[in-house]
1. Please list 3J(HN,Hα) in residue order for the range A:81-88, calculated via the Karplus relation 6.51 cos²θ - 1.76 cosθ + 1.60 where θ = phi - 60°; whole Hz, with x for glycine and proline.
2. For the range B:27-79, state which trypsin sites (Lys or Arg not before Pro) are in a DSSP loop and have at most 12 other beta carbons lying within 10 Å of their beta carbon.
3. Would you mind getting me the FRET efficiency between residue B:80 and residue A:45? Use the beta-carbon distance for r and R0 = 35 Å, nearest 0.05.
4. List every residue whose amide H lies under 5 Å from the amide H of residue A:85, counting only residues 5 or more places away in sequence or on a different chain, with H placed 1.01 Å from N in the peptide plane.
5. What are the ³J(HN,Hα) couplings of the range A:31-37, residue after residue, when phi is run through the Karplus curve with 6.51, -1.76, 1.60 and θ = phi - 60°? Round to Hz, x for glycine and proline.
6. Determine which residues of the range A:57-85 fall in the zone a paramagnetic label at residue A:28 would reach in this model, i.e. backbone nitrogen under 19 Å from the point 7 Å along Cα→Cβ.
7. Which lysines does residue A:37 reach when only Cα atoms under 26 Å apart count, and residues fewer than 8 places away in its own chain are ignored?
8. Counting other Cβ atoms within 10 Å of each Cβ, which GluC sites (Glu not before Pro) in the range A:49-112 have at most 13 and sit in a DSSP loop?
Amino acid sequence: GENVEQHPSTLSVQEGDSAVIKCTYSDSASNYFPWYKQELGKGPQLIIDIRSNVGEKKDQRIAVTLNKTAKHFSLHITETQPEDSAVYFCAARVGGNEKLTFGTGTRLTIIP
Amino acid sequence: DAMVIQNPRYQVTQFGKPVTLSCSQTLNHNVMYWYQQKSSQAPKLLFHYYDKDFNNEADTPDNFQSRRPNTSFCFLDIRSPGLGDAAMYLCATSREGLGVPYEQYFGPGTRLTVT
């Protein structure tokens, strides 16, 4: 089955700097890659996603890149703000399967 | 407006006392999922309904059951909660069947405490 690895597990960034979280997946049949933000005591919130026919997607300060050859995808947050502090999960989904496989999460802390 | 609603948000139950968690959705999505999430871990899929078809994960204990009486509602029943079942339970929904992957949306979760 699909396996998703996520790095780093913790990340501290000065406010205003950029943060990058990386994930790799194992199944080349994966075609959908969402990113979730989870604040303490809340459910995961979908913040951006990318499908395998696209190499990059951007939404304001957040961007995701996908390298299908290397089987990895990354989340980029620019101009970080204190409210970006949360746990971020990447996930991957194999085509034809409605289940997501999650990475292990990254705890992002923005230092004011 | 909330799209995936979970009730209650916090539930305390006694060891061995059956408990039911509920989830409802206003998205008219045909797939509903139940996840268990323990502290500092990723959500772990317990089972999901694709329309009326129930799909159990191989490692989900028999202690966990689910019902989906209609498109909008789904219930998680824990027949005999143990201390190890204390966790956040997350409900999620997605729209499937059109040949392309669609987003999966999560509810706010129910925090279950077992005393």
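1. So the Karplus estimates, Gly and Pro as x, are 10, x, 6, 7, 5, 4, 9, 10 Hz.
2. Values: sites: B:38, B:44, B:52, B:67, B:79; in loops: B:38, B:52, B:79.
Counting only loop positions with at most 12 other Cβ atoms within 10 Å, the trypsin sites (Lys or Arg not before Pro) in the range B:27-79 are B:52.
3. Values: r = 33 Å, r/R0 = 0.93.
Efficiency, from the Cβ-Cβ distance: 0.60.
4. A:110
5. These are the phi-based 3J(HN,Hα) values: 9, 8, 9, x, 10, 10, 10 Hz.
6. It comes to A:66-73, nothing else.
7. A:22, A:57, A:58, A:68, A:71, A:99, B:38, B:44
8. Here the GluC sites (Glu not before Pro) that fit, given the DSSP loop and packing criteria, are A:79.
Readers should treat all values here as calculations from the given coordinates under stated rules, not as data from a laboratory. Here the structure is a predicted model, which means the values were calculated and not measured. We place every Cβ from the backbone using ideal geometry, glycine too, and count neighbours over all the protein chains shown.
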